[in-house]
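This report refers to the structure that appears directly beneath it.
The values are calculated or read from the model by the stated rules, or taken from the named source; none is laboratory data. The model shown is predicted, which means the values in this text are computed figures rather than measured ones. We place every Cβ from the backbone using ideal geometry, glycine too, and count neighbours over all the protein chains shown.
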Amino acid sequence: MNGLDYTILLITILGIAAYGTWHTRGRHTFKTYLKGSGDTHWFVIGISVMATQASAVTFLSTPGQGYQGGLGFVQFYFGMPIALIIIAAVFLPIYQKLNVITAYEYLGQRFDLKTRLLGAAVFLLQRALGAGLTIYAPAIVLSKVLDWPLNATIIGSGLVVVIYTATGGSDAVNATQKYQFAVIFAGMITAFVLLLVHLPRGLTLSDTLTIAGGMHKLEAVNFSPNPGQRYTFWSGLIAATFLMLAYFGTDQSQVQRYLTGSSVRESRLGLMFNAVFKIPMQFFILAIGVLLFVTYQFERPPVYFDQVAWNERAAQNDSRALRDIDSRFTVAHDREKQELQAWVDARHAGDAAAASAARSAALQAHDQVESIRKEARLAVDPNDKRNDTDYIFITYILDHFPHGLIGLLVATFFAAALSAKSAELNALGSATTVDFYKPVFKPAATDRHYLRASKAFTIFWGCVSITFALCLSLAENLIQAVNILGSLFYPVMLSLFVVGFFLRPIRGTAVFWGGLVAQAAVLILFFTVPDNRISYPWYNVIGCAVCVCVSAVIQFVLRSAAPARTV
Amino acid sequence: MTSDPKPSDEKTGFPGLRTWRGVYTFVLITFALWIALLVLLTRMFS
C-alpha cells in the first residue's frame, strides 16, 4: 500500500463513521438507540440485513472457500429463501404486533421469564463467540497490509468498532450500511472484472471454465444424500433452512435490523430482497475464488498465504526446513502449470484424447502441490489448527491491483467489518439490557439510565469478543467457523420459538428443560461424532427435533392443568 | 395470540404482485431458476 491507498482508506472509513454520527445526532432515546427510529425504508432494511450477514468474513473468506472447495458452498444458502418466507409470514407479524425490542421478549410473554432468559443467554453466548470470529476479518487485512502481528491488529480494529458502535447505536448502523455496502459491492465487482481481464496469457474464458470444472471447482450442486458431506443440495435445502430460520428469525442481531421498519410491509420486503439476491451474491463471491484458483495455477502463489505467520516461523530457527518446502513447491507448481498448458493446447488443437490425458496428469500434479501446501501448513502449526485460505483474496489484491484500488478494497473490508460487528455488538448490548438487566436487576429505572447501561454492555461485549479472538486458533476458514459455531447454539434458540409459535399446549417449564436437553445433545454430537458422519448443518435439524420432542414429553408428564397463556 | 398484521400492511405496493402470496411465489420461482442454472453449470463442466 502506498500513500494514495492510505488516503483513500482513511477518507472512506472516517467518512462513513462521521456520516453515521452526524446523521443520528441528537436522536437517541433508549428505544431508538436499540431499535432505530422505526421509519426505515424496505430497501435500507434489505441492505442492512444483507450487510449484517455478509460481513467482512464473507468478502474475505468466501473467495478463499471458492478457491479451496469450489462453488459447492453456494448450496448452504438454498435454505434461505424458504426460511425468509416463513419468517416474513409467521415470525415478523408477531414481533411487530407485540412491539418487542428483542425477540426474547416474545418468549417471556408466551412462556415465562426463565425461558426468556434461556433464549437470551444462548443468544448472548453464541453471538459473543461469533463476534470474536468476525473481529478476525479486519484484523487479518490489517495484519497483511501493515505486516503487524495478528494479535495487535485484533485489538486495534476491535477497539475502533467498539467505539463506533457505543457512540452511534442502531440508527448509525442503518444510516451507514447502505454506503458501506455500495463500497463493498464496487470493490467486489472491480475485483471480478480485473480477474477476468487479467486471465493468464492465452487462456480464454472457456478454457478457464474447463480447467475449473476439470479440477472439480464448478460442482455447484451435489445431490448426494450422505449427511457426512457438508454441502449438498439436501443439507442446503433442509438443514440450512433450520439454520437460516434461527439466524434470521431469532438472532437479535438480525431481528433488530428488520424491526426498524415502519410497517410489516417494509420489513417483509427487506427480507424478500435478501431471499432473491443472496444466492446470486454468494455465487458471485465464490466465482471470484474459482477465478483466483485458475489464475494461481498459472502464476506461482506463496506456498502459505499467511506470509506473516510463515515469516514468524522462519525466524524461529526453522528457515532451512521452510526453504526446502518452498523450493519443492516451486518445482511441483511448475510441473502442474506445464500439464495445464498441455491440456489447454490439446483442447485448442481439438485433440480430445490428448486433452483427457493432460487433464489426468494435471490433476496428479495438483495433488502433489496440495500435499506440499499441507506440509507448509503443518510446518507453521504442527497441530494443524491454522488455515491460510482467508489470506488468499487479500494476497491477490495487494499483489495485483493498482494503487488507489487497493485502498478502496481494503476500505471495503473495513466497512463490511464495521457494519456487521457494530450490528452484533448493538444486539448484544440490547439483549443484555432488555432481557437481563431490566427485568432481573433494575425494573424501574429511567430511560436515560437504560441507554447508558446499554452502551456500557456494548463496550463490555466488545471487550469479551476481542479477548475471545485473541485466544482463538482457527482450523477452519472463517466463513465455515462462523456457521459451525452458529449450528451449535441456533437449534435451541430456534426450537424455543418453534414451540412458541406452533405448539400451543406446551408451556414454559417443558420447553425450558427441552431446550437444555437439546443443547446438551448438540454439544455431545459435536464432540463425539466425526464431522464426516454427520456434518454440522444437520445439528440444526437434530437439535430442534430433540427440543420439540423432549418438550412435548415433559409437558405430557407434567399434565399441566392451567390453560395456555395467550399474547 | 393472533398474527394478523394491520390491513395497510397487507398491500405489497407492487403492481404485478399485489398479494404477499404472489410475492412469496415470485421468490420461490426465482429460487428454482437459480437452482436450475446451477445444476446446468455443474452438468456442463463436470
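Here are A:Ser454, A:Ser465: which of them is within 20 Å of A:Thr134 (Cα to Cα), of a type in the set (Ser, Thr, Tyr) and in contact (Cβ under 8 Å) with a residue 24 or more places away in the chain?
A:Ser465
Tell me the residue from A:Gly69, A:Gly119 that is among the small types (Gly, Ala, Ser), surrounded by fewer than 24 Cβ atoms within 10 Å (Cβ to Cβ), more than 9 Å from every other protein chain (Cβ to nearest Cβ) and over 23 Å from A:Ser419 (Cα atoms), please.
Exactly one residue qualifies, and that residue is A:Gly69.
Quick grid of which residues meet (1) touching a residue at least 12 places away in the same chain (Cβ under 8 Å); (2) surrounded by fewer than 22 Cβ atoms within 10 Å (Cβ to Cβ); (3) on the phi < 0 side of the Ramachandran plot; (4) within 11 Å of chain B (Cβ to nearest Cβ):
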site	(1), (2), (3), (4)
A:Trp234	no, yes, yes, no
A:Leu237	yes, yes, yes, yes
A:Gly249	yes, no, yes, no
A:Val255	yes, no, yes, no
A:Gly261	yes, no, yes, yes
A:Glu266	yes, no, yes, yes
A:Leu269	yes, no, yes, yes
A:Asn274	yes, no, yes, yes
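Please indicate, with yes or no, whether at least one residue in region A:447-461 is outside any helix (DSSP H, G or I) and among the aliphatic types (A, V, I, L, M).
No, there is no match, as no residue in region A:447-461 is outside any helix (DSSP H, G or I) and among the aliphatic types (A, V, I, L, M).
Does A:Asp388 satisfy being within 22 Å of A:Ala481 (Cβ to Cβ) and surrounded by fewer than 20 Cβ atoms within 10 Å (Cβ to Cβ)?
For A:Asp388, the condition - within 22 Å of A:Ala481 (Cβ to Cβ) and surrounded by fewer than 20 Cβ atoms within 10 Å (Cβ to Cβ) - is not met.
Applying the selection to region A:297-314, what residues are surrounded by 18 or more Cβ atoms within 10 Å (Cβ to Cβ) and part of a loop (DSSP other than H, G, I, E, B)?
A:Pro301, A:Pro302, A:Val303, A:Tyr304, A:Phe305, A:Asp306
Please enumerate the residues belonging to region A:192-219 that are within 12 Å of another protein chain (Cβ to nearest Cβ) and either at pLDDT below 90 or outside any helix (DSSP H, G or I) (or both).
Hits for region A:192-219 are A:Met215, A:His216, A:Lys217, A:Leu218, A:Glu219.
Find the residue count for region A:222-231, including only residues that are under 21 Å from the mean Cα position of the chain (by Cα) and either over 16 Å from A:Phe78 (Cβ atoms) or at pLDDT 95 or above (or both).
Here the count works out to 0.
Does A:Arg323 satisfy the condition of being modelled with pLDDT of 95 or more and more than 26 Å from B:Thr30 (Cα to Cα)?
In short, no.
Quick check: is even one residue across region A:245-263 among the hydrophobic types (A, V, I, L, M, F, W, C), assigned to a loop (DSSP other than H, G, I, E, B) and either modelled with pLDDT under 95 or not assigned by TED's automatic domain parsing to the domain that holds A:Val44 (or both)?
Scanning region A:245-263 turns up at least one residue that is among the hydrophobic types (A, V, I, L, M, F, W, C), assigned to a loop (DSSP other than H, G, I, E, B) and either modelled with pLDDT under 95 or not assigned by TED's automatic domain parsing to the domain that holds A:Val44 (or both).
Kindly provide the set of residues from region A:92-110 that are surrounded by 24 or more Cβ atoms within 10 Å (Cβ to Cβ) and within 12 Å of chain B (Cβ to nearest Cβ), ordered by number.
Answer for region A:92-110, where residues must be surrounded by 24 or more Cβ atoms within 10 Å (Cβ to Cβ) and within 12 Å of chain B (Cβ to nearest Cβ): A:Leu92, A:Tyr106, A:Arg110.
Which one of these is in the same structural domain as A:Phe501 (by TED's automatic domain parsing), closer than 16 Å to A:Thr58 by Cα and within 16 Å of the chain's Cα centre (by Cα): A:Ile279, A:Ile288?
Answer to the selection: A:Ile279.
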